[in-house]
Amino acid sequence: MRILLAVASRHQGTWEIGDVVAQRLRARGHEVDQSAPEDVTTVAQHDAVVLGSAVYTAHWLPAARDLADRCAQELRARPVWTFSSGLATQPANSANSPLEVAALCERIGARGHRSFRGRLDRSVLSFTERAIIAGGRAREGDHRDMEAVAAWADTIADALDAEPCAGRSSMAGHSA
């Protein structure tokens with residue numbers, strides 16, 4: 001299957017999570033196009049989508065939210081998974097605005113959402129972001145669990161391998 005992996009990342013930590021997802025899906029025989037959400041105008045040429053975003057001030061980045069809104073109808077027509085990468089040392093689910101993410105997943109018909117702990121480097125954050133981090137008592141450092149990311153990507157590959165239309169891309173434009 002041809003998969004779009006769109007990842008919104010400010011400081012490349014979430015992008016690197018996307019890299020692990022892409023590697024695992026490719027290892028399972030899928031074609032993966034990795035892109036920033038702002039560079040995506042359509043998802044029509046893809047059989048499935050994985051959409052991820054870093055979480056800042058308890059929200060997904062605007063580029064990821066905008067892609068979901070812009071392409072909601074197209075996304076609903078194919079398998080979609082979402083992921084977030086948030087406050088490095090907070091429980092993963094509290095690093096997101098649960099209602100916002102749930103509403104976004106509902107709008108695009110996502111099959112699932114996974115939250116991952118992130119990487120925290122205070123030196124690259126704005127004053128407001130540093131203040132929020134201080135209130136959350138998050139610890140500096142890389143707290144991402146790339147093995148958990150890889151295992152999650154494998155569950156996506158398993159689900160795609162079980163799809164009845166698993167060969168749709170290679171058959172596009174051909175008639176029986």
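Among the residues of segment 23-47, which ones are among the aliphatic types (A, V, I, L, M) and surrounded by fewer than 19 Cβ atoms within 10 Å (Cβ to Cβ)? So that I can check it myself, show each step before the final result.
If we filter segment 23-47 for residues that are among the aliphatic types (A, V, I, L, M), which is where we start, we get 25, 27, 32, 36, 40, 43-44.
Residues satisfying the conditions are A27, A36, A44.
Here's a check for you: in segment 31-72, which residue that is part of a strand (DSSP E or B) and β-branched (V, I, T) is nearest to E163 (Cα to Cα)? Show your work before the answer.
Here is the first cut: in segment 31-72, the residues part of a strand (DSSP E or B) are 31-35, 48-56, 59-60.
Next cut, β-branched (V, I, T) only: 32, 49-50, 55.
Details: V32: 17, V49: 14, V50: 16, V55: 31 Å.
Top of the filtered list is V49.
Laboratory data are not the source of any read-out in this text; all were calculated from the coordinates shown. Here the structure is a predicted model, which means the values were calculated and not measured. All Cβ positions, glycine included, derive from the backbone under ideal geometry; neighbour counts span all protein chains shown.
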